[in-house]
Amino acid sequence: MRCGFDTVHLFKSSANFIDIFPSSPNIHPAILLLLRITTTSLLSLLLLSRLTQAIIDAFERCGRNSASSSKSRGRVVFTNTTYTVATVMNTTNLSNLDIDLQGTLSWDNSNLTYWLNNSLPVGYQNQTSAWLFGGEDIRWDGHGHGTLNGNGQVWYDFNNGTSNLIGRPHQITITGTKDSVFEGIRFIQSQMWTMTVIHSENILLENIYVNNTDTEHGPGFNYSLIVNTDGADTVYANNITFRGWTVENGDDSIAMKANSTNILIENCNFYTGLGVAIGSIGQYDGAFETIQNVTARNISITNMPFGAYVKTWTGISTGYPPNGGGGGLGFISNITFTDFTLHNATGIFLITQLWWILLDLIARVHRGRKVTGVENDSEVCTHAPTLHNPWGNMVCEDREDLETARTALD
């Protein structure tokens, strides 16, 4: 089965619209022009909504298949053109499906109020998404040029540095997905987090390119106006592999959040963001969360404050997620960072149990979570400013909270 569609047949320029307000001596030219512009805009929104529905319908028709043999698999093809996405999409519960992304999905952000009011709940931290995607035995190939363009500059300007703006959508959320492969996909200017992998297992994400560059404001070492432009986040996820990623952004390059286990990150290049993030956890009062068995190896870090960091919330709840919280329970264990190369980094590694003031190492904290079994081998730092600590910074509630952190650097 093969499902394909082409925007040429679904959306054309406004020159092809029927003029329902022809010239009339009884209508002032300025009013006539306003009526035409308004009508054209409404028709544009209508047609864009119909195009988005056509994308959803393609997944509905072709996305659920009972067997995994090549003859019975479904296939959705995006040819080499641009498809405008104007509404939220929910394409979940798919099975045995191949996605051939040769063109570009481009998000229309002309109406931010729509997205703020209608983005879909992710199921964590009161976060929301523009696209919920999920299923079993999915093979998504972008061929190195297939693109999801969030056109996020308007969001970066509107957000103006606000952390976790309610309703600001993630670009895509991979949810309820297992035994699947995503490769060769490009993500440009995501609206917020690029990709959230939640309630999923056994997934390979390979040769992915993320560029959430703010074209109006230059990037810096610390938080900028492109806060929350994470490359990828895992939540309630197991056995996830990130291989061959390139990420340029203003926040976590790849982050493991609550109940992420058996995560591998390898052969990646990260620029201008915050590197590999373990956490945060402990944000929900009374909830138990863990992050276990995470390996990051052969990672290149450029223009960042550090290469990797571990973060938990304090033992006292203040406010409510996503911007407040604390008081949760749990632990982080068996984290291994190997073969990191850092270029122009102000530090190497950070552990903090006082996450609610990022990078502020004033340790007035309360017990709740433990960090154990952190290993940091083979760090190489080139062209770096003077380091106050040649290995990194640690902010702990108690000496016994950090039981076995070690480094190969003396």
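Numbers for the structure displayed
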| quantity | calculated |
| --- | --- |
| Inter-residue pairs, beta-carbon under 9 Å, first surrounded by fewer than 24 Cβ atoms within 10 Å (Cβ to Cβ) and of a type in the set (Asp, Glu) and in the stretch 271-287, second in a strand (DSSP E or B) and modelled with pLDDT of 90 or more, 6+ apart | none |
| Residue identified as on the phi < 0 side of the Ramachandran plot, polar (S, T, N, Q), outside any strand (DSSP E or B) and surrounded by fewer than 19 Cβ atoms within 10 Å (Cβ to Cβ) among Asn80, Asn90 | Asn80 |
| Tally, over the stretch 109-121, of residues that are exposed (fewer than 15 other Cβ atoms within 10 Å of the Cβ) and in contact with a strand residue (DSSP E or B) (Cβ under 7 Å, 6 or more places away or on another chain) | 1 |
| Residue in the stretch 289-311 that is part of a loop (DSSP other than H, G, I, E, B), aromatic (Phe, Trp, Tyr) and in contact (Cβ under 8 Å) with a residue 12 or more places away in the chain present | yes |
| Filter pass, Ile351 being touching a strand residue (DSSP E or B) at 6+ places or on another chain (Cβ under 8 Å) and more than 26 Å from His170 (Cβ to Cβ) | yes |
| Where a residue in the stretch 339-358 is in a strand (DSSP E or B) and hydroxyl-bearing (Ser, Thr, Tyr) and its partner, wherever it lies, is surrounded by fewer than 24 Cβ atoms within 10 Å (Cβ to Cβ) and modelled with pLDDT under 65, with Cβ under 6 Å and at least six apart | Thr341/Val380; Thr352/Val395 |
| Gly324 being surrounded by fewer than 17 Cβ atoms within 10 Å (Cβ to Cβ), at pLDDT below 90 and of a type in the set (Gly, Ala, Ser) | yes |
| Residue list for the stretch 167-181, filter: more than 19 Å from Glu206 (Cβ to Cβ) and in a loop (DSSP other than H, G, I, E, B) | Gly167, Arg168, Gly176 |
| Filter result (crowded, with 18+ Cβ neighbours inside 10 Å and either part of a strand (DSSP E or B) or in contact with a helix residue (DSSP H, G or I) (Cβ under 9 Å, 6 or more places away or on another chain) (or both)) within the stretch 312-321 | Thr312 |
| Residues located in the stretch 122-166, provided they are part of a loop (DSSP other than H, G, I, E, B), of a type outside the set (A, V, I, L, M) and surrounded by 15 or more Cβ atoms within 10 Å (Cβ to Cβ) | Gly123, Tyr124, Gln125, Gln127, Gly150, Asn151, Gly152, Asn164 |
| Residue in the stretch 219-227 that is of a type outside the set (Ser, Thr, Tyr), assigned to a strand (DSSP E or B), within 16 Å of the chain's Cα centre (by Cα) and crowded, with 23+ Cβ neighbours inside 10 Å present | no |
| Residue within the stretch 277-287 that is outside any strand (DSSP E or B), over 21 Å from Tyr320 (Cα atoms) and at pLDDT below 95 present | no |
| Condition met for Leu97 (touching a helix residue (DSSP H, G or I) at 6+ places or on another chain (Cβ under 9 Å) and either in contact (Cβ under 8 Å) with a residue 24 or more places away in the chain or surrounded by fewer than 17 Cβ atoms within 10 Å (Cβ to Cβ) (or both)) | yes |
| Filter result (under 23 Å from Ser200 (Cβ atoms) and at pLDDT 95 or above) within the stretch 98-125 | Asp98, Ile99, Asp100, Leu101, Leu105, Trp107, Ser119, Leu120, Pro121, Val122 |
| Selection count where residues are surrounded by 22 or more Cβ atoms within 10 Å (Cβ to Cβ), among the small types (Gly, Ala, Ser) and either at pLDDT below 95 or within 20 Å of Ile301 (Cα to Cα) (or both), scope the stretch 228-246 | 2 |
| Which numbered condition Gly184 misses (of (1) at positive phi; (2) assigned to a loop (DSSP other than H, G, I, E, B)) | (2) |
| Verdict on Asn259 being free of Cβ contacts under 8 Å to residues at least 40 places away in the same chain and touching a strand residue (DSSP E or B) at 6+ places or on another chain (Cβ under 7 Å) | yes |
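The values are calculated or read from the model by the stated rules, or taken from the named source; none is laboratory data. Owing to the predicted nature of the structure, the values given are computational and were not obtained by experimental measurement. Virtual Cβ from ideal backbone geometry, glycine too; neighbours counted across all protein chains shown.
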